[in-house]
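Below: one structure, written as C-alpha cells.
No value in this document is a laboratory result; all are computed from the given coordinates. Note that this is a predicted model, so its numbers are computed, not measured. Cβ placement follows ideal geometry from the backbone for every residue including glycine, while neighbour counts extend to all protein chains displayed.
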Amino acid sequence: MKTIQLKSIPAITATDTYAFAPGGFADHTTPLILNCWYVAALASEVSRDIISRRLLGTEVAMYRTLAGEPVAIRNRCPHRSFPLAKGKLDGDILQCGYHGMQFDPSGRCVNMPSLPITPSNASVRSFPMVERGPLIWIWMGEADKADEALIPDTHWLHDAKWKSVQGSYYMKSDYISMHENLLDQTHFPFLHPGAIGTPEYARSKLDVRQDGEVIIIDRQLKNSPPPGVYGVPTGLTGKPVHRYSEARFASPALHVAFARIVDPTPAEGAQSDYRFNITHIFTPESNGAIHYWWFNSRDFKLNDQAADDYLHEASAKAYLEDVDALEWILDVVTQDAQPQFDLNFAPDKPGLLMRRVIHDRAAKEAGASY
Amino acid sequence: MKTIQLKSIPAITATDTYAFAPGGFADHTTPLILNCWYVAALASEVSRDIISRRLLGTEVAMYRTLAGEPVAIRNRCPHRSFPLAKGKLDGDILQCGYHGMQFDPSGRCVNMPSLPITPSNASVRSFPMVERGPLIWIWMGEADKADEALIPDTHWLHDAKWKSVQGSYYMKSDYISMHENLLDQTHFPFLHPGAIGTPEYARSKLDVRQDGEVIIIDRQLKNSPPPGVYGVPTGLTGKPVHRYSEARFASPALHVAFARIVDPTPAEGAQSDYRFNITHIFTPESNGAIHYWWFNSRDFKLNDQAADDYLHEASAKAYLEDVDALEWILDVVTQDAQPQFDLNFAPDKPGLLMRRVIHDRAAKEAGASY
Amino acid sequence: MKTIQLKSIPAITATDTYAFAPGGFADHTTPLILNCWYVAALASEVSRDIISRRLLGTEVAMYRTLAGEPVAIRNRCPHRSFPLAKGKLDGDILQCGYHGMQFDPSGRCVNMPSLPITPSNASVRSFPMVERGPLIWIWMGEADKADEALIPDTHWLHDAKWKSVQGSYYMKSDYISMHENLLDQTHFPFLHPGAIGTPEYARSKLDVRQDGEVIIIDRQLKNSPPPGVYGVPTGLTGKPVHRYSEARFASPALHVAFARIVDPTPAEGAQSDYRFNITHIFTPESNGAIHYWWFNSRDFKLNDQAADDYLHEASAKAYLEDVDALEWILDVVTQDAQPQFDLNFAPDKPGLLMRRVIHDRAAKEAGASY
C-alpha cells in the first residue's frame, strides 16, 4: 500500500491501493469555499414573500423587488440580530420586525424610526445574485471577485431545444462526497441496480482529464444495450447502442453529465442520436448538510408527458439512493469512535483530483501556505 | 461609527451609531449572577409533592414542610447523585429514592438506613427561600449575603387594592436580551402592532436614570389616544389622555413597569386616574433558557371579569411576540457561522446601562479585576 | 470526612464517610475497556440478515455463515466508509452496497468489481466471536489476547437442569453505575419496595472479597420470610427461611448473582433447597449508553409457565426501576452546572473495589503509569 504525497499527481494504476493522505485532499471537515457562485434558490422559490435559507453557514434572506430582481441580504439585522426574513416589504424596502429599521435592496439603511436621522454606516450585507433560467446564483465571497463570467454554463435548462424534469433534496451529508459519488460511476450497478447501472459500463474504459479546476471523465461503451433510464425514453431497450458520456466537476457548486446515445442502425427515417444532460447542484448549508437540486434534460420528445414521468421517477429513485448512502456514510464517519483512512483504488482518481482542487481553493482562501 | 470604551458612560446622542464593545457589556454568554434573589416558583406550584426545576444551572428540589414553609435543596443526593425530587416525604423529612438517605429541611442528613450511625457531614445544600404573595424567592449565591432586604418590592401582587392577571413561558433565550427588550420600547409599534404600540409613543421623550444598579426610564406622552391595552379596560379608547410610564430594571431577576393613565376631562363623577403595574420575572435556567413569569396588575375594576379576560389575552399575545422574537434572535446568534457586533443607537442607552450593570456584577462574582 | 488515597484499599468502617477521590476510581468518563469479552448479541438476533450494533464506540456488522458461524466485522467499508450492514450476503461473502467490494468472513477482500485484480491489504477488521448458549461473545481488543478461556461462566443459561426467563434494555447510563447498583443491595427496599426488597436484608451482614479482578459479596439472612420474588415461585411466602446469596462482579461485561433459599422445615417429601442464578450482561455502546440483557434462571419448576410469567414480570419491573434510576442519575451528573464529589459509606466498598479494578484496567490499556 502506498501513500499519496501532498502536491503529487496521484498516478494510480489499476493494481494499486492507496491509503488516504488527508493533508492534501478535502473531506467533510474542510472549510467551505466562499469565492464561488452557488445556487441560492430556484427562481420559482423567490418572490415578494421573504424567505430565508442558510448558505455556507450564513443565514440569508431573499426576496424580489417590485421590478422582479432577486435580492439577497444577510438574515440578521445589524442592530439586534433579528432575522430580517421575519420582517416585511414596503415596495422595495425591507423593514425589520423588531424596531422597524428599513433597508434598501443594496442593504443600506434608509430609515430608523426611533431616530431623527438615518444612521450612517448602518447597513446589512447584501450578496450579488444572478438569475439564469430556473436558477438564482449567489456570490458570498469577496465582493470584488464576483465576476458573472465565472457562473458555469447551464443553458440547456432554459433553452427551447431542451426539456427538463427536476427534483431536490435537503441532505445531511457533505458535498465533497456527493461530488465524488458522481465522479466514480463504478457504483452504478451496486447502489443503483436496475434502471441505471449495467456491469459493462462500470468496467468500460475511462479517460480522466483536468482542465484548470475542472475535472472531466469520458467513457465510451459500444454495442451494448442501454440501461432503462436511457432505453425507455428512446425506445431502444435491449438494442445494442453506442454510449458516450462525459461527467464534469464544473465547480464546487455544480456537476454536469452529458450522455449521448447513438443507434448505429436506426429504422428508416428514425432518429439516431439522443442527448441527455444531467445537472447536479450542491449548495452547502454548512459542513454536513447540503441543499441539492437536480435536473434531467433531453433534446427529444420535448412534449412527451410519459417520458417526463418516467425520467422523473427513475431519476428521483436513483438520486435518493445516493442521498441515503451518503447520509449513512457521514453518520458512520462522524459517530464511529475509531477514525479510518479510506483506501483508494484506480477509479477513485477523478474523486481525488476533485478533492485536491477543493482543498487547494480552501487553503488559498484561508491564506495558508501549502 | 464609534466604539464604546469599557468603563465609560455611553453618552449616546440621537445621531450616533456605536458598534458593540462586548468586553464591558453582558451578553448571552456572560456567567449568570448568583448573588441575587430570583423567583424559584409561584407559591401555587410548591406543595407537599416534591417538584424539581433547573435554576442558574443547578437542579433544585422544592417542597413545603407540614407547617407550609417552602424548602429548596439541591436535587442531587450527596451519596450517588440520585435526583432527590424522585424521593418521598415523611413529614418534613425527605427520603432519597435510591438508598433511603434522609434529610431534614436544612439539608442535614438525619438517617442513612444501611448504617448503624448517622454520617456526619453528609448534608445536601439547601437554599434560603422567602415567600412573598404569589412568589417564592430563592438565594443561590454566597449564603452569608442572603439578605431578605434585597428582595425587590412587588407588593401590588398581594395587595387588596390591586388585581392581577398572570401567565408564564419557558423560553429558549437569554435574560439579558429580555431585559433589553423591555428597556427599549421603540419596538412596540413594530413587534406589537395593534393593542400595545403607537408610533407617537415610540418617539416620545425619554428620561434615563441610573440609581445604583437600578436603571429607570421615564416617558410622558400627553393628549394622545391610548393603545388598546390601556384604552379598553379604562373605557378611554380614542380619547386624548396623558400617559406617564416608568420602566425599571430592578434586578437581574425583575423588570417592573408602572403606567399611569390620566383622563384630563373626566365625565362628571368619573375616575380620572388609572394605574397599571406590569411585572416581568426572569429566572435563567442556564445561559440560553429562561423561566419567565408575568403579571399585569391594575388598581381599578378589581372584580371585572371582562377586564381580566381582555388584559390576560392582550398581555399573553404581546409577551409571546417578545418570546418568539428573542428565541429567533438567539437562534441566529448561536447558529450563524459569522459573528456580528450589533450596532447601538440612542434608544439603546438604557439597555447598555443594564448590560454594564450585569457585566460588572458577573465580573465581581468571578473575582476578576476590571 | 476522609479522602481515599489512590492505590490504598478503602478500609471503610461502618461509621466513616469518604469523599470520592476520582483519580483512582472509574466513573462515567473512564475510557472503555477493550481487552475483555463482551456479549455482542443474543444468539437469536444473529442470522443470515446482516445487523449492525455500536459496541464500545465502534459500529459492528454481524451475520451468520451458511454453516451457522457468527461473524462480526467493522460496519465500515475500508474504501469509502459505507456501512457494510447495508450490503448483502452472497453465500459467506459480504458485498458492500456502494461499489460492490466483497469480503470473506475473516474480513479479507476477495473481489473489487471495478478492478482487474483483487487489491492486496484491502481488508476490513473482523472480531473474534464465540457462541455460548443464548449468548454470542465478541473480543474487540488486541487480537493476540483473545483467549476464549477468559469468557466467564454462564453455563446455567444452556443447561437442561435450569430454566431461564430473559429481557433486555437499551439504556442511557454508564455500566460503572450499573455494576455498582448491583454491588450495593442496600438500595433494594427503597428503589424496589415490594417484590424484591426487605429491610432486614439491607442490614444483613456482608462479606466482601476480591479475587484478582473479581469482586464477591456474600450475605446470609436466616429465619426471615423471603421477598415475593423468591417466595412466590417457591411457595414459601411468609415462612421463615434461610437465604444465602452471592453477588459477583465477574468482569466489566458481567454481573452474576447466585441465591439459595433453604426451607429449614420442609413439609414431608417437599424440596428444601431452591436456587436462583441471575445474570446481568452489560455491553457499553459508548460512554453513556448500554446494551443490557438480563436472565433470571432457576433449578426447579422447569416447566411451570406461571413461574416463568411471575419471574419475568417481577424481574422486568425491578430492572426497569434500576434503569430509570441510573438514567436519572447520569442526566443530573452530566447536566448539572455544579460538579459533585459523591460521598461513600461502608456499603459502597464493593462498588469502590469494582471502580478501582476498572480504572486500573483502563489505565493499563492506555499505557499510563499509575
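Any idea how far apart C:I117 and C:D309 come out in nm if each label point goes 7 Å out from Cα toward Cβ?
Each label point lies 7 Å from its Cα, and together they span 6.7 nm.
Once you sort the root eigenvalues of the Cα gyration tensor of region C:209-332 as a ≥ b ≥ c, which label holds: rounded (a/c under 1.5), prolate (a/b larger than b/c) or oblate (the other case)?
prolate
Taking amide hydrogens as modeled 1.01 Å from N in the peptide plane, which residues meet the under 5 Å criterion relative to B:R80, leaving out close sequence neighbours?
Here the answer is none, since no amide H 5 or more places off falls under 5 Å of that of B:R80.
Suppose R0 equals 51 Å; then what is the FRET efficiency for A:E69 and B:V208 from their Cβ-Cβ distance, rounded to the nearest 0.05?
Values: r = 42 Å, r/R0 = 0.83.
FRET efficiency, A:E69 to B:V208: 0.75.
Shielding of B:52-59 by partners, i.e. mean partner chain Cβ atoms within 10 Å per residue? The partial results should precede the final answer.
Working: counts 1, 0, 4, 1, 2, 4, 4, 6.
Neighbouring Cβ atoms belonging to other protein chains average 3 per residue here.
If Lys and Arg each add +1 and Asp and Glu each add -1, what is the summed charge of the other residues whose beta carbon sits under 14 Å from the beta carbon of A:Q335? Don't jump to the answer; show the numbers that get you there.
Details: positive: A:K172, C:R53, C:R54, C:R74, C:R76; negative: A:E327, A:D331, A:D336, C:E59, C:E285.
Around A:Q335, the surrounding residues sum to 0.
Could you list the trypsin sites (Lys or Arg not before Pro) in region B:125-223 that lie in coil according to DSSP, counting only those with at most 12 other Cβ atoms within 10 Å of their Cβ? Working shown, then result.
Numbers: sites: B:R125, B:R132, B:K145, B:K161, B:K163, B:K172, B:R203, B:K205, B:R209, B:R219, B:K222; in loops: B:R125, B:K161, B:K172, B:R203, B:K205.
Loop-located and lightly packed - B:K161, B:K205.
List, shortest first and in nm to one decimal, how far the label point of A:R48 (7 Å from Cα along Cα→Cβ) is from its counterparts in the other copies.
So the distances to the same position in the other copies read 6.5, 6.5 nm.
What is the sum of charges around B:D153, taking Lys and Arg as +1, Asp and Glu as -1, for the other residues whose C-beta is under 14 Å from the C-beta of B:D153?
Numbers: positive: B:R132, B:R248; negative: B:E148, B:D159, B:D211, B:E246.
Summing Lys and Arg as +1 and Asp and Glu as -1 gives -2.
In whole Å, what are the Cα extents of the protein assembly as shown along the three principal axes, biggest one first?
Answer, in whole Å and largest first: 104, 101, 53 Å.
Go through region B:65-174 and name the GluC sites (Glu not before Pro) that are in a DSSP coil and have 13 or fewer other Cβ atoms within 10 Å of their Cβ. Please report the intermediate quantities before stating the final value.
On the way: sites: B:E131, B:E142, B:E148; in loops: B:E142.
Hits after loop and neighbour filter: B:E142.
If you find the alpha carbon centre of region C:223-246 and of region C:63-118, how far apart are they in angstrom?
53 Å
Between rounded, prolate and oblate, where does region C:269-363 land on the alpha carbon gyration tensor, with a ≥ b ≥ c its root eigenvalues, rounded for a/c under 1.5, else prolate if a/b exceeds b/c? Walk me through the numbers before you get to the answer.
On the way: a/c = 2.46, a/b = 1.97, b/c = 1.25.
Since a/c reaches 1.5 and a/b is larger than b/c, the shape of region C:269-363 is classed as prolate.
Report the FRET efficiency, 1/(1 + (r/R0)^6), for A:K239 and A:D331, where r is their Cβ-Cβ distance and R0 is 35 Å, rounded to 0.05.
Numbers: r = 42 Å, r/R0 = 1.19.
E between A:K239 and A:D331, to the nearest 0.05, is 0.25.
What do you get for GluC sites (Glu not before Pro) in region B:268-315 restricted to DSSP loop and a cutoff of at most 11 other Cβ within 10 Å of the site's Cβ?
Working: sites: B:E268, B:E285, B:E313; in loops: B:E268.
Passing both the DSSP loop test and the Cβ count: B:E268.
Using 1/(1 + (r/R0)^6) with R0 = 45 angstrom and r between the beta carbons of B:K222 and B:R125, what's the FRET efficiency to the nearest 0.05?
Details: r = 53 Å, r/R0 = 1.18.
The computed FRET efficiency comes out at 0.25.
Among the listed pairs C:K222/C:K349; C:K172/C:K317; A:K239/C:K88; B:K86/C:K239; B:K172/B:K317, which have their C-alpha atoms separated by more than 25 angstrom in this model? Could you put the intermediate results ahead of the total?
Working: C:K222/C:K349 23 Å; C:K172/C:K317 18 Å; A:K239/C:K88 31 Å; B:K86/C:K239 33 Å; B:K172/B:K317 18 Å.
The answer is A:K239/C:K88; B:K86/C:K239.
Quick check on chain B: take the gyration tensor over C-alpha atoms, sort the square-rooted eigenvalues as a ≥ b ≥ c, and tell me if it's rounded (a/c under 1.5), prolate or oblate. Don't skip to the answer; put the middle values down first.
Values: a/c = 2.45, a/b = 1.47, b/c = 1.66.
Verdict is oblate for chain B.
When the helix-only estimate is applied to chain A (DSSP H runs of n ≥ 4, each -39,500 (n - 2.57), divided by the residue count), what is the mean residue ellipticity at 222 nm, nearest 500 deg cm²/dmol?
Working: 6 runs with 72 residues, N = 370.
Value at 222 nm, helices only: -6000 deg cm²/dmol.
Excluding C:H291 itself, calculate the net charge of residues whose Cβ lies under 12 Å from the Cβ of C:H291, where each Lys or Arg counts +1 and each Asp or Glu counts -1. All intermediate terms of the calculation are to be shown ahead of the outcome.
Numbers: positive: C:R53, C:R54, C:K172; negative: C:E45, C:E285.
Around C:H291, the charge tally is +1.
Distance from the Cα centre of region A:316-370 to that of region B:147-222, in angstrom?
Measuring centre to centre over Cα atoms gives 53 Å.
Determine which chain A residue has its Cβ at minimum distance from the rotation axis mapping A onto C, giving the value in whole Å.
Closest to the rotation axis on chain A: A:T334, 12.
Angle check, please: helix C:305-335 long axis (alpha carbons) against the longest principal axis of chain C (alpha carbons), in degrees 0 to 90, nearest 10.
Result, in degrees: 80.
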